[in-house]
Every structure is written in C-alpha cells, then in structure tokens.
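Derivation of every value follows stated rules applied to the coordinates shown; laboratory data play no part. Source: prediction; values computed, not measured. Don't worry about glycine lacking a Cβ; one is built from the backbone with ideal geometry, like all the others, and counts go over all protein chains shown.
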Amino acid sequence: MADFAQAGLISTLQRLNDTHIAALEAELCEIAKEKSIGVVLPCHASDLERPALTHIQAELARAEFVSAIVLSVNGIEPADFERKFGSRFSGRGGVCVLFNSSGGGKGRNVRQAVQFLCKQECDVIATQDCDVGSFHRGDLARLCYAVAHPDLRFRYAKAYYSRVTDRMYGRVSRLFLSPLLHAIVRVSGHHPLLDFLLSFRYPLSGEVAMAREVACDLAFTDGWGLEIGQLCEVFRRVDPRNVCQVDGGSSYDHKHQPAATALVGMVTEIARELFAQLAVEGLPDNAEYQAAVAKVYRREAEHALRCSAALARMNALPFDEPGEAAIIEAFAERLFAASTSAGALRSAFSSDQSVHEEQ
C-alpha cells in the first residue's frame with residue numbers, strides 16, 4: 001500500500017494511482033499550450049553510446065507536452081559529434097545540442113542548458129539524467145505537472161525513487177549524505193537549511209522541474225556538488241511550501257559504478273559543497289568543526305548500515321554488509337583527512353568529471 005504521509009518542510013506527492021498517468025499527461029499537454037516546457041539532458045560523450053539515452057530519446061519523442069529539448073554534452077568535439085551521432089538528433093524538432101568543455105562536467109552542462117532555455121522563455125524547465133534506462137515520459141509528466149499546473153502553485157519539484165533492482169544501490173545517499181546531515185545536526189543542532197535538506201527522500205536525484213523565474217535565478221555548481229548546492233540555493237529563494245518531491249516510481253535503473261573507483265571522489269565534492277553552503281548560513285568553517293562532524297558521522301553511518309541490512313533482509317535482497325562497511329570507512333577517512341586543516345574540503349582533489357557515477 002502506497003503511503004500518503006507528509007513529513008518535513010516540503011510536500012511529498014506520492015504515487016497512489018498509476019491508472020491516472022495517461023489522463024494526467026493529456027491534461028499536461030493542454031497546460032503546455034499556454035506554459036512551454038523545456039527538458040535539459042546533461043550528457044557526457046560516453047552516454048551517447050549507451051542504450052539508456054536512445055531509450056530516453058524514444059520516450060521524449062512521444063512526449064507531446066515537451067516543447068524544447070536541450071542535449072548539453074561534454075567530452076566530445078562538435079565535429080566528432082556530428083559525424084558519429086548527428087543523424088540521431090536531426091530528425092526530432094525542438095532538439096538543440098550544446099557543447100561544453102570537458103572540465104566542468106554535469107554541473108556546467110546543466111547550467112548552460114538552463115540558461116539557454118531561460119533565454120528561450122520556457123515557463124517550466126526540467127532536467128533528466130541521461131543514464132536512466134527505466135525512464136518513462138509519464139514520470140517526467142508527473143514531475144512537470146507539479147510545477148506547470150497553476151492550481152498546485154509549486155515552483156520547484158524534485159523526483160525521488162527507489163534505488164533498488166536486484167539489490168539496494170544509492171550508497172552515496174544511504175551511507176554518506178543522510179548520515180552526514182544527521183551528524184551535523186548532532187554537532188550543531190537543528191538549523192532551517194538542515195531541516196530542509198533532511199525533508200527530501202532522495203536529495204541527490206538529478207531529476208527536477210523548476211519554474212522559469214526559479215531556474216534563471218539559481219547558481220549551479222560545476223562538480224558533483226551540483227544537486228546539494230542546488231537544493232541550498234532553492235532553500236534561500238523559494239518558500240518551502242512551494243517546494244515538493246514527486247514519487248518517480250520503483251525499479252529505477254541507473255548506471256552503477258564500483259565504489260572504490262568512483263564514489264569516494266564524489267563524496268569529497270558533495271561534502272565540500274555542503275560545508276561551504278552551511279558556512280554561508282553561519283555555521284563554523286574550520287578544521288575543528290569538520291573533525292567533530294567527521295567523528296559523529298562514523299556513528300551515524302554505522303546506524304545507517306544497520307538499517308540498510310535490516311531492510312535488505314526483510315525483503316530477501318542480497319546485501320554485502322562487510323563491503324558496505326568498508327565503503328563507510330573510506331567515506332569517513334576522507335572526511336577526517338579533509339578536516340586536517342581549515343577549509344580543506346574546498347581544496348580537496350576534484351573527482352574525475354568524465355563519467356557519471358552512481359549517487
């Protein structure tokens with residue numbers, strides 16, 4: 001049974017009636033005649049050769065509520081793109097391809113595309129990760145509907161979904177960001193920004209829909225801190241009563257990467273952005289504070305691991321508890337290393353932006 005509980009500072013729009021999606025999409029098509037909807041596809045060159053993007057293209061080709069699509073790509077030169085992939089996009093009206101330098105990664109791709117759609121005066125701007133093999137236009141319709149429908153009055157909507165297929169994924173969210181936020185609360189006490197971030201079921205989701213005036217006013221972080229930085233910016237610009245999270249369904253098929261080669265670098269950038277945003281809100285920005293948070297993080301992460309293990313057992317899912325404990329240790333070591341000098345998280349090494357890894 002789907003739940004309808006509301007917790008935290010924002011509205012949660014659960015998925016209670018799948019039979020209504022077709023009617024909702026039809027209604028959105030009518031709304032889109034008055035409010036244009038643009039979709040951003042932030043893409044690395046490696047995604048162009050994967051089946052997920054081909055599937056997303058096919059779904060969007062039937063999404064009549066979408067008036068503009070921007071593929072914002074890095075890691076490939078325009079001439080090479082045109083030679084290898086140009087024919088895939090030339091036949092679909094409304095598609096625009098933007099090219100970005102390889103150094104900025106997803107954050108720069110999103111920023112450039114959002115700015116482009118703002119200039120095109122799109123009323124609603126949505127972003128969709130390009131490595132989601134389970135994408136369905138109905139999920140995008142639900143997300144955009146929350147912002148586009150004039151009676152709902154939401155200005156920002158973020159998708160959440162179950163990161164479960166044959167096993168549980170979402171390790172950066174489960175084992176790092178969530179326990180880190182709880183650790184900061186333990187050290188600093190409740191703060192409006194922390195309470196806002198903890199209201200989201202999946203804060204690292206890359207799928208959002210925004211009203212134009214919100215999208216055009218946001219700053220976008222270039223690295224893996226994009227999603228957490230964006231939420232902090234939304235916190236400062238939008239009343240939480242006008243922010244919602246939308247159930248994106250289950251069986252979410254997202255590209256997964258080995259933790260040892262990808263996830264540790266990602267958490268460095270996420271933590272760096274989070275601490276920088278908290279400093280703007282007046283929380284301490286020094287080595288002692290970060291070390292205190294890192295110490296409490298380890299305890300909170302152990303509890304998160306226990307909860308994940310219990311959830312996997314209750315659902316007869318395979319669960320590598322020693323492996324996930326090792327991941328937590330790697331995350332904790334990175335936090336401790338970053339706290340050895342004041343502001344060290346900002347100067348920590350940047351992870352490779354050339355691939356999109358699991359969050």
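If you fit an axis through the alpha-carbon atoms of helix 51-61 and take the longest principal axis of the Cα set of the chain, what angle between them do you get, 0 to 90°, nearest 10?
50 degrees
How long is the gain from residue 288 to residue 213 if the chain were fully straight, where each residue apart is worth 0.36 nm and the alpha carbon distance is subtracted?
Contour length minus the Cα-Cα distance gives 23.1 nm.
Using helices alone, what [θ] at 222 nm do you get for the chain, with -39,500 (n - 2.57) per DSSP H run of 4 or more residues, divided over all residues and rounded to the nearest 500?
Helix-only estimate at 222 nm: -14500 deg cm²/dmol.
Kindly express, to the nearest 10 degrees and within the range 0 to 90, the angle between helix 263-280's C-alpha long axis and the longest C-alpha principal axis of the chain.
90 degrees
How far, in nm, would the chain grow between residue 309 and residue 134 when pulled straight, counting 0.36 nm per residue and subtracting the alpha carbon separation? Please report the intermediate quantities before stating the final value.
Working: separation 175, 0.36 × 175 = 63.00 nm, distance 2.54 nm.
Length difference between fully extended and current span is 60.5 nm.
Which cross-chain or sequence-distant (5 or more) residues have an amide H under 5 Å from the amide H of residue 72, H modelled 1.01 Å from N in plane?
It is 41, 43, 98, by chain and number.
Residue 121 to residue 326: extension gain in nm, 0.36 nm per residue of separation minus the Cα-Cα distance?
Values: separation 205, 0.36 × 205 = 73.80 nm, distance 4.78 nm.
Extra length from residue 121 to residue 326 when fully extended: 69.0 nm.
Rounded, prolate or oblate, given the Cα gyration tensor of segment 167-318, with a/c below 1.5 counting as rounded?
It comes out oblate by the Cα gyration axes.
Apply 1/(1 + (r/R0)^6) to the Cβ-Cβ distance of residue 30 and residue 162, taking R0 = 35 Å, and write down the FRET efficiency to the nearest 0.05. Don't jump to the answer; show the numbers that get you there.
Numbers: r = 31 Å, r/R0 = 0.88.
After rounding to 0.05, the efficiency reads 0.70.
Going by how many other beta carbons lie within 10 Å of each one, how would you line up 171, 236, 334, fewest first?
Least crowded to most crowded, the residues run 236, 334, 171.
Would you mind finding the longest exposed-site-free stretch of the chain, with exposed chymotrypsin sites (Phe, Trp or Tyr not before Pro) meaning DSSP loop and at most 12 other Cβ atoms within 10 Å?
Counting only loop sites that pass the neighbour cut-off, the longest clear stretch is 5-348.
Output the antiparallel fraction of DSSP beta bridges having both residues in the chain, as a percent to the nearest 5.
Numbers: 9 of 34 bridges.
Antiparallel bridges: around 25 percent, rounded to the nearest 5.
On a 0 to 90 degree scale, rounded to 10, what angle separates helix 287-314 from the longest Cα axis of the chain?
Once rounded, the angle reads 70 degrees.
Of (1) 143; (2) 190; (3) 129, which is the value of volume of the Cα convex hull per residue in Å³ derived from the coordinates here?
(3)
Place a point 7 Å from Cα of residue 279 in the direction of its Cβ. Which residues in segment 290-311 have their backbone N less than 13 Å from it?
Taking a point 7 Å out along Cα→Cβ of residue 279, the residues of segment 290-311 whose backbone N falls under 13 Å are 290.
Using alpha carbons only, how many angstrom separate the centre of segment 177-201 from the centre of segment 280-297?
The two parts, judged by their Cα centres, are 13 Å apart.
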